[in-house]
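Just below is one structure, and these are the notes that go with it.
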Amino acid sequence: MTEKEAHITVQDLTMAYGDFVLMRDLTFTINRGDIFIIMGGSGCGKSTMMTILIGLKTPAKGRVLYGEVDFWGADQQTRDRIIRRAGVMYQSGALWSSMTLAENIALPLETYTDLSPGQIREVVKLKLALVGMAGFEEFYPSEISGGMQKRAGIARAMALDPEVLFFDEPSAGLDPVSARRLDDLILELRESLGTTMVIVTHELASIFAIGSNSVFLDVSKRTMTATGNPNQLLAETRDPNLRQFLTRGEKS
Amino acid sequence: MTARGEMILEQPSADTLKVILSGDWKLGGELPGADKVQQRLEGRPGVRNLVFDTRELTSWDTGLLTFLMNLGTLCSRQKILLNRDGLPPGAQRLLELALAVPEKTDARQAEGRVSFLAYLGNQTVELFRSAGEMLEFIGDAVIAVLRLLRGKAQYRRSDLGLIMQAVSAQALPIVSLICFLVGLILAFIGAIQLQLFGAQIYVADLVGIAMVRLMAAIMTGIVMAGRTGGAFAAQLGTMQVNQEIDALKTLGISPMEFLVLPRMLALAVMMPLLCLYANIMGILGGMVVGVGMLNIGFMEYYNETAKAIGLWNLGIGLFSGLVFGVIVALAGCMRGMQCGRSASAVGDAATSAVVTAIVGIIVSTAVITVLCNMLGI
């Protein structure tokens with residue numbers, strides 16, 4: 001990555017539920033190929049931030065640019081077209097419960113590609129194998145554990161080889177080994193496919209291991225207080241809230 | 001041996017109040033409250049320090065801690081220094097933990113009491129908003145149907161098949177039972193009146209026309225509202241809670257086409273067929289009374305029924321069935337899609353779907369009846 005090209009730009013954004021302002025004056029850039037961490041304490045609006053980025057919730061104020069295109073200023077069709085290039089892993093997996101895992105992963109492929117059923121079957125097999133779930137094709141979401149649902153959700157998010165992948169709390173509820181494997185998978189996908197990763201998390205181990213860029217949402221100030229590489233932030237920050245967050249409040 | 005929690009207040013100097021705690025300070029027992037300390041303080045404005053003596057304290061739990069928290073609030077209000085040194089070490093540490101994060105005061109609170117006028121205003125605004133939402137949903141559904149007619153709608157054929165099975169074949173037992181009994185009841189009520197004139201044979205006309213033109217469709221509609229409308233709302237509501245609908249949207253797949261359309265289609269196709277079946281069951285119910293109790297011959301009853309039911313009656317009944325099917329599907333899907341993100345919201349959605357569907361069925365029955373009357377059919 002020699003030069004950095006902005007992939008998603010957030011300008012002057014305000015998030016609100018009705019007249020309750022959650023966060024204001026958010027401005028940051030997610031570059032192509034970044035592993036971008038959205039971090040902050042519970043209830044700071046990390047997940048809400050993500051719902052705005054993926055087009056589920058309208059921001060109260062401000063703009064989100066995908067490349068040069070104003071995402072929320074565009075019409076529904078443009079938004080659909082942009083978001084089709086993104087994959088989303090939801091907090092609980094959000095697999096469609098009436099379909100098997102194979103059907104879950106196949107649906108985006110059936111909808112947006114001209115692959116034959118045989119080819120789709122192969123892609124499904126590969127994606128499930130990538131998240132360590134080979135052989136689970138014919139299971140229904142209710143028949144597997146929460147951690148597995150999460151991983152299958154990642155497999156579905158990756159189905160179309162998206163340009164950008166969003167993860168909502170990917171390692172919450174996973175055992176340490178699976179969480180580590182997930183981090184490796186994220187790194188590997190970035191390396192091999194150049195996918196931009198946007199990760200909502202407060203898992204410190206992951207933040208330092210894979211994050212190349214980040215934004216910290218400070219719940220007490222209702223705005224962002226820092227952006228940059230998390231390791232660098234830890235070394236340089238003088239903000240007590242951020243330092244406390246990055247060190248689990250332990251005194252150094 | 002457990003002793004009751006007791007408190008003695010002493011004042012060793014003019015600016016210090018000593019709280020001596022003894023016995024068991026455990027929840028469930030009768031413990032002295034912080035108001036006792038407050039009463040004591042009221043007469044003495046000079047007190048600046050509050051100290052504790054807990055040497056006689058035998059055991060404690062949350063009961064002591066809540067007392068201390070209340071005392072803490074009281075002290076900070078009256079600007080009195082609360083000295084925790086005399087407390088048991090465990091209680092000191094827990095208090096420190098509880099006070100580590102300051103109380104959040106700017107978080108959004110549940111709305112307090114509102115005046116009657118404000119409540120009325122809010123409800124009115126809400127009514128208009130929900131009417132708008134309903135129209136918008138119906139509009140979206142029409143667009144989805146148009147896309148279906150142009151062959152562009154995205155849905156899974158296998159889903160449609162499963163839903164069709166669930167709303168038709170699996171509903172047959174309950175529809176059979178209810179419509180058979182309704183036919184029977186109608187025949188009984190009619191028989192008593194008609195026997196007075198020796199006109200028992202007209203029971204066949206009465207049951208036939210009532211069932212075919214109206215009752216079969218209404219009874220099936222209400223059964224389906226409870227059975228299928230509620231199920232649709234619960235299914236879609238749970239999908240909303242699980243973010244499954246979000247997952248569809250972010251894939252650019254319209255939930256309207258993928259989820260609502262097959263449900264609407266299934267009920268629109270299956271309801272007239274169910275009505276037809278319900279007609280037969282209703283007439284059978286009437287026949288049991290006619291043949292068994294009124295001694296009308298089987299063929300006689302059949303011929304009288306066939307003569308009474310015109311094609312128009314049958315058509316109106318089946319058309320009503322179609323309308324009710326669409327109403328039940330729309331009400332169920334709409335409430336499901338509007339569902340909030342909690343378990344109780346799913347329950348509310350199912351309840352509201354059934355109510356909406358039944359209201360819709362009754363209102364549209366009235367409209368159809370008036371229209372038929374005006375057209376003279």
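The values are calculated or read from the model by the stated rules, or taken from the named source; none is laboratory data. Quick caveat, the model's predicted, so the values are computed rather than measured. For neighbour counting, all protein chains shown are included, and Cβ atoms are generated from backbone atoms with ideal geometry for every residue, glycine included.
Which of (1) within 14 Å of another protein chain (Cβ to nearest Cβ); (2) part of a helix (DSSP H, G or I) does residue B:253 not meet, given it meets every other one?
Here residue B:253 meets the rest and fails (2).
Scan segment B:292-303 and give yes if some residue there is of a type in the set (Ser, Thr, Tyr), part of a helix (DSSP H, G or I) and surrounded by fewer than 20 Cβ atoms within 10 Å (Cβ to Cβ), otherwise no.
First, pick out the residues of segment B:292-303 that are of a type in the set (Ser, Thr, Tyr): B:301-302.
Add one more test, that the residue is part of a helix (DSSP H, G or I), and what stays is B:301-302.
With the extra rule that they be surrounded by fewer than 20 Cβ atoms within 10 Å (Cβ to Cβ), the set shrinks to B:302.
Within segment B:292-303, one or more residues are of a type in the set (Ser, Thr, Tyr), part of a helix (DSSP H, G or I) and surrounded by fewer than 20 Cβ atoms within 10 Å (Cβ to Cβ).
So residue A:49 clears everything in (1) within 14 Å of chain B (Cβ to nearest Cβ); (2) closer than 22 Å to residue B:244 by Cα except one condition, right? Which one?
Exception for residue A:49: condition (1).
Are any residues in segment A:80-107 part of a loop (DSSP other than H, G, I, E, B) and either more than 9 Å from every other protein chain (Cβ to nearest Cβ) or of a type in the set (A, V, I, L, M, F, W, C) (or both), and if so, which ones?
A:85, A:94, A:95, A:96, A:99, A:100
So in segment B:1-59, with the set limited to residues that are assigned to a strand (DSSP E or B) and among the β-branched types (Val, Ile, Thr), which one is nearest to residue B:88 (Cα to Cα)?
B:54
Exactly one of (1) at pLDDT below 90; (2) surrounded by 15 or more Cβ atoms within 10 Å (Cβ to Cβ) is unmet by residue A:213. Its number?
Among (1) at pLDDT below 90; (2) surrounded by 15 or more Cβ atoms within 10 Å (Cβ to Cβ), residue A:213 violates only (1).
Report yes if residue B:248 is more than 24 Å from the chain's Cα centre (by Cα), within 30 Å of residue A:108 (Cβ to Cβ) and part of a helix (DSSP H, G or I), otherwise no.
Judged against the criteria, residue B:248 is a match.
To keep it simple, each residue is scored yes or no on (1) within 22 Å of residue B:171 (Cα to Cα); (2) over 31 Å from the mean Cα position of the chain (by Cα); (3) touching a residue at least 12 places away in the same chain (Cβ under 8 Å).
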{"site": "B:257", "(1), (2), (3)": "no, no, yes"}
{"site": "B:265", "(1), (2), (3)": "yes, no, yes"}
{"site": "B:290", "(1), (2), (3)": "no, yes, yes"}
{"site": "B:297", "(1), (2), (3)": "no, yes, no"}
{"site": "B:300", "(1), (2), (3)": "no, yes, yes"}
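Just to be sure, is residue B:263 away from chain A (no Cβ under 14 Å), touching a helix residue (DSSP H, G or I) at 6+ places or on another chain (Cβ under 8 Å) and basic (Lys, Arg)?
No.
Of the conditions (1) of a type outside the set (D, E, K, R); (2) surrounded by 15 or more Cβ atoms within 10 Å (Cβ to Cβ); (3) touching a residue at least 60 places away in the same chain (Cβ under 8 Å), residue B:323 satisfies every one except a single condition; which number is it?
Tallying (1) of a type outside the set (D, E, K, R); (2) surrounded by 15 or more Cβ atoms within 10 Å (Cβ to Cβ); (3) touching a residue at least 60 places away in the same chain (Cβ under 8 Å), residue B:323 fails exactly one: (3).
Here is a list: B:334, B:281, B:287. Which entry is touching a Ser or Thr at 6+ places or on another chain (Cβ under 9 Å), under 23 Å from residue B:134 (Cα atoms) and either of a type in the set (Gly, Ala, Ser) or assigned to a helix (DSSP H, G or I) (or both)?
Values: B:281 fails: under 23 Å from residue B:134 (Cα atoms); B:287 fails: under 23 Å from residue B:134 (Cα atoms).
Only one candidate passes the filter, namely B:334.
Restricting attention to segment A:52-71, report how many residues are more than 14 Å from every other protein chain (Cβ to nearest Cβ), exposed (fewer than 15 other Cβ atoms within 10 Å of the Cβ) and not in a strand (DSSP E or B).
Number of matching residues: 2.
What number of residues within segment A:108-138 satisfy the criterion of being over 21 Å from the mean Cα position of the chain (by Cα), touching a residue at least 12 places away in the same chain (Cβ under 8 Å) and within 13 Å of chain B (Cβ to nearest Cβ)?
Total meeting the criteria: 2.
For segment A:1-41, what are the residues that are more than 22 Å from residue A:239 (Cβ to Cβ) and small (Gly, Ala, Ser)?
A:6, A:16, A:18, A:33
Mind telling me which of the residues B:96, B:42, B:30 ends up being more than 13 Å from residue B:6 (Cβ to Cβ), within 50 Å of the chain's Cα centre (by Cα) and of a type in the set (Asp, Glu)?
Just one listed residue meets the conditions, B:96.
Six or more apart or on different chains, Cβ under 6 Å: which pairs go from a residue in segment A:139-161 that's surrounded by 17 or more Cβ atoms within 10 Å (Cβ to Cβ) to one that's β-branched (Val, Ile, Thr)? Could you list them?
A:151/A:131; A:154/A:131; A:155/A:105; A:155/A:131; A:156/A:105; A:157/A:88; A:159/A:105
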